[in-house]
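Everything below concerns the one structure shown next.
We did not get these values from a lab; they are worked out from the coordinates using the rules stated. The structure presented is a predicted model; accordingly, all values stated were derived computationally and were not measured. Cβ placement follows ideal geometry from the backbone for every residue including glycine, while neighbour counts extend to all protein chains displayed.
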Amino acid sequence: MSDHYQVLGVDRSASQDEIKKAYRKLAREMHPDVNPDPKVQDRFKEITAAYEVLSDPDKRSSYDRGGDGYGGFGGGFGGFSDIMDAFFGGGGSPRGPRPRMRQGQDALIRVTIELHDACFGTTREIGVETAIICTKCGGDGCAAGTSPRTCDICKGRGEIQQVTRSFIGQVMTSRPCGTCQGFGTVIPSACSECAGDGRVRARRNLDVKIPAGVETGNRIQLSGQGEVGPGGGPAGDLYVEIIVSDHDQLVREGDDLHIAVSVPMTGAALGTSMTIQTLDGEIELEIKPGTQSGQIIPIRGKGMTKLRGGGRGELYAHINVEIPTKLSRKQEELLKEFASERGDTEKSNKVTSRKGDSDSDGGFFGKFRDAFRN
């Protein structure tokens, strides 16, 4: 266990003001809001724990006598009251005042990105409003020149004990001290900036690196970027939840992408090439002669980047052969001649249309997208 005095860089005879100044100086240099390095964050937690003990006269006295600074010198029961707690509701929980300095809460923020950014990764600047350490008091909540004072009512224990009579005799019970709210200390003069809480609300900007291959629901953890705890305690974590917006042409299914391609009847029969949109830009898609409606053409390596393992999925082009809904007289004659040449019946030569079949009203793509959603 490290020496609290060495952690703060003060002598064992240092005054409360010297201890407070030393902590403030270190906190400003090592707080996660200033330096997010994980090693520095561990160091910040260490100086915070040291200050929690040395800033409290009773805890410091216990620590100087060889204790842990929290009123204990080892395991076992702490006397009759601890034994009674074990039998009558105490549950063996730790005794003593609760610390003013506590771990901060985690925070969650949602970020919407485009499908292209989800495929290739990006860096986004986000604005976060959270609790940060109060720079005026260094997190202890006290006005300049003051420090927490031992509670006169509970004498620093953080609880009030009461003896009552019952059918088994006298029973000792404990309840949190109403004067200090269980902290064991009171703040004689609160900091004017944070009103004694040790933290203030502030908005700050963070650069978040979003890896390639993320999808809706994925969360990115930023350690120590959440809310600073009461009393200037260590900050929680910030979670960035990703939401990937819909693409106007591409539909995602895992690591694969799908695109609807409408091909003219003549192009499907004779073969052609068409320009289609991918996340890498426009490419030429070859339509072989005799391509049928509903046929799927795979395009290797043009899908989503795989989040784990590297590589990319596939892009699948779903072919919809467009049947013309209106024919000129000459076109109709040519089609009849073509049908006659093939030996088709007159009945099969009639061209009919149905609302929504044409891609001009978005009917095919709408049904195509719904098929993957359902």
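Here are the numbers for the structure shown:
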item	result
Built amide H within the under 5 Å cut-off of GLU159, gap 5+	CYS177
Spin-label pair TYR239/GLN162, simplified geometry with 7 Å Cα→Cβ offset, distance in nm	4.0
For peptides 251-259, 300-308, sequence by mean Cβ density within 10 Å, most packed first	251-259, 300-308
Residues with amide H under 5 Å from that of VAL263, placed H, sequence gap 5 or more	ASN320, VAL321, GLU322
Out-of-range pairs (alpha-carbon distance over 25 Å; input LYS209/LYS306; LYS20/LYS209; LYS21/LYS45; LYS288/LYS330; LYS20/LYS155)	LYS20/LYS209; LYS288/LYS330
Residues whose placed amide H lies under 5 Å from that of GLY233, excluding near-sequence neighbours	ARG102
Table column - 3J(HN,Hα) (Hz), region 272-286, Karplus curve with 6.51, -1.76, 1.60, x for Gly and Pro	6, 10, 9, 8, 10, 8, 10, 5, 8, x, 7, 9, 8, 9, 7
Residues in region 110-137 that a label on ARG28 would reach, taking backbone N under 20 Å of a point 7 Å out along Cα→Cβ	132-137
Euclidean distance between Cα centres, region 143-160 to region 225-271, Å	53
J(HN,Hα) series, region 297-303, from Karplus relation 6.51 cos²θ - 1.76 cosθ + 1.60, nearest Hz, glycine and proline x	10, x, 10, 5, x, 10, x
Karplus-derived 3J(HN,Hα), 6.51/-1.76/1.60, for each residue of region 263-270, Hz, glycine and proline x	10, x, 4, 5, x, 5, 6, 9
